[in-house]
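To start, the structure itself, in structure tokens.
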Amino acid sequence: MRTVFLWLSLTAPVVAEPVIPSFGDETATAGLATVYAGEWEYMVGGGVATFDCSGDGFPEVFLAGGAGPSALYLNRSARGGALAFEKTDAVALDAVLGAYPLDIDSDGVMDLVVLRQGENRLLRGLGDCRFEAANQLWGFDGGDAWSSAFAAIWEKGQSWPTLAIGNYIDRKEEAFPWGSCTDNWLHRPDGNRFAAPIALTPSFCALSMLFTDWNRSGRPSLRVSNDREYYQGGQEQLWRLEPGQAPALYGEPDGWKRLRIWGMGIASADVTLDGYPDYFLTSMADNKLQVLKDPASGVPDYADLAFKAGVTAYRPYTGGDQNPSTAWQAEFADVNNDGVQDLFVAKGNVAQMPDFAAKDPNNLLLGVGDGTFVEAGDRAGVASMATGRGAQVVDLNLDGKLDLVVQNRWSGPEVWRQTGELPGSWLQLRLQQDGANRDAIGAVLEIKRGDKVERREITSGGGHLSGSVGWLHVGLGAAEAADLRVIWPDGSEGDWMTLPARSFQILRPGAPARAWQPG
């Protein structure tokens, strides 16, 4: 029996309940107002993207609008102050389900991948939060599908990223959509452009994708979470990607066990502190926390620890509705700065499905420190009953405390600023490198946690049609400094360094950390 199971056993030491963070609802005053509108074609989606395109370090917010226009909001918040955003028409596209920031051409200016009903769009960043259409410029085939998932990675030896795009049901088959899942696409680079997309067949209505180095081989694989509502004979998937070779599925002979869920989102973190990524998979009444059983075997065989960890989140914990929950965006983050990962989950009925909860509050599951979590959404003030979809857990005003943005179907976004005082401290980091892959997608951040080391993969993808590039938030608890290092995407290992608490630091290969100050 592996250590991970003992770590979650009944003999684990008693740990005090974590500090409950306090959030203030600033929806009415923050200026975020784009509604995720539309009917059947927009039952999934409703993404939130956060990234800095103004150059001041504060994250802007992009909201998908579905049948209505999407919008980019400039962050006008003062450090530590109330949240304030200014709407622009920079990305006012229709039929948008979600978006992911990514510096595709590695020019130091953030670009945007926009997933739509119909042609997907690559938008090239021009600086000052301006963008231009780049499909033709970069040879990108945007297709004409119902696109609902995304992930990106720089494969070995490539100066441009490989983009994976997941597609949902055939949008031309509204009357009989069951079994009409369309092929996902892999867009590999051809020099400084994209080659024709490769169909990832079979495909089973993907709603989340993530490139992840699940076995620490240095070669990330593509994990795909699929919606069983519409596929026939499908399952969750893991694709092997070798440079220059066609993608190949892991199957039962490789140790990959058949799993069928209403897969909607993927969140990844080293929850068990065993050095390997664990995966939280959102679904309808059946959320999973998957942990690799035996890393030494090299076999992708996972145990589900959701029940033991207290993160099944299978039905509402407040509000009186006892029907099963529907979970979408999930994100691991240390919300209370105690040095232990927490988990936020956005919840909401697909529409008016009578067998599932209509009053379905978001979850804020706080890590206790012994491998288990406790629910605190209602006590923290974020137990909204709106029809949640995409979300971001992000420090919007750069005060070291994480805030929340959730896009809801039909009713518009909600934004909460963390207003309470936390006894724990924090550190925020940006990874930067010259040449290709400026934001070091695929790097690993290692943080010493007592006698253990927490490993964080720097990824682009996952979640539910919601992406983020920006400051990496590290909760420190009572520590006044953090010992950490970066393993860069090329495999080179940076030196261990000690960085002070309550600071912003920019890390580059072969260079000392550089302190940064907002403003």
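From the square roots a ≥ b ≥ c of the eigenvalues of the alpha-carbon gyration tensor of the range 451-519, which class results: rounded (a/c under 1.5), prolate (a/b over b/c), or oblate?
Taking the square roots of the gyration eigenvalues as a ≥ b ≥ c, the range 451-519 is rounded.
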Carbon-plus-sulfur fraction of the accessible area of the chain, 1.4 Å probe, in percent?
50
Could you provide, to the nearest whole Å², the per residue accessible area of the chain with probe 1.4 Å?
36
What's the Cα-based Rg to Rh of the range 296-339, Rh via Kirkwood?
1.09
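Treating the beta-carbon of each Lys and Arg as +1 and of each Asp and Glu as -1, no other charges, what is the dipole magnitude of the range 369-519 about its Cα centre, to the nearest 20 debye?
Details: 16 positive and 19 negative charges, 57 e Å.
Dipole about the Cα centre, nearest 20: 280 debye.
Using Stokes-Einstein with the Kirkwood hydrodynamic radius over Cα pairs, what translational diffusion coefficient do you get for the range 185-263 at 4 °C and a viscosity of 1.567 mPa s, in µm²/s rounded to a whole number? Before the final figure, lay out the partial values.
Working: Rh = 13.6 Å.
Translational diffusion coefficient: 96 µm²/s.
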Report, largest value first, the span of the C-alpha coordinates of the chain along each principal axis, in whole Å.
55, 53, 50
Run through the DSSP bridge list for the chain and note the antiparallel percent, rounded to the nearest 5.
95
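With a ≥ b ≥ c the root eigenvalues of the C-alpha gyration tensor of the range 314-418, is it rounded (a/c under 1.5), prolate (a/b larger than b/c) or oblate?
Taking the square roots of the gyration eigenvalues as a ≥ b ≥ c, the range 314-418 is oblate.
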Over the Cα atoms of the range 80-135, each weighted equally, I'd like the Debye log10 I(q)/I(0) at q = 0.13, 0.22 Å⁻¹, rounded to two decimals.
-0.37, -0.88
If each part is reduced to its alpha-carbon centroid, the range 82-110 and the range 37-64 end up apart, in Å, by 7
Taking a ≥ b ≥ c as the square roots of the Cα gyration tensor eigenvalues, with a/c under 1.5 meaning rounded and otherwise prolate when a/b beats b/c or oblate if not, the range 121-163 comes out oblate
Restricting the range 142-173 to trypsin sites (Lys or Arg not before Pro) in coil, as DSSP defines it, with at most 16 other Cβ within 10 Å
Lys156, Lys172
How long are the semi-axes of the equivalent ellipsoid of the range 376-519, defined as square roots of 5 times the Cα gyration tensor eigenvalues? Whole Å, largest first.
29, 19, 14
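The values are calculated or read from the model by the stated rules, or taken from the named source; none is laboratory data. No experiment lies behind these values; they were computed from the predicted model shown. When we count neighbours, we look across all protein chains shown, and the Cβ atoms used for this are built from the backbone with ideal geometry, even at glycine. Keep in mind that these areas ignore ligands, DNA and RNA; they rest on the heavy atoms of the full protein, side chains included. Shrake-Rupley method; radii C 1.70, N 1.55, O 1.52, S 1.80 Å.
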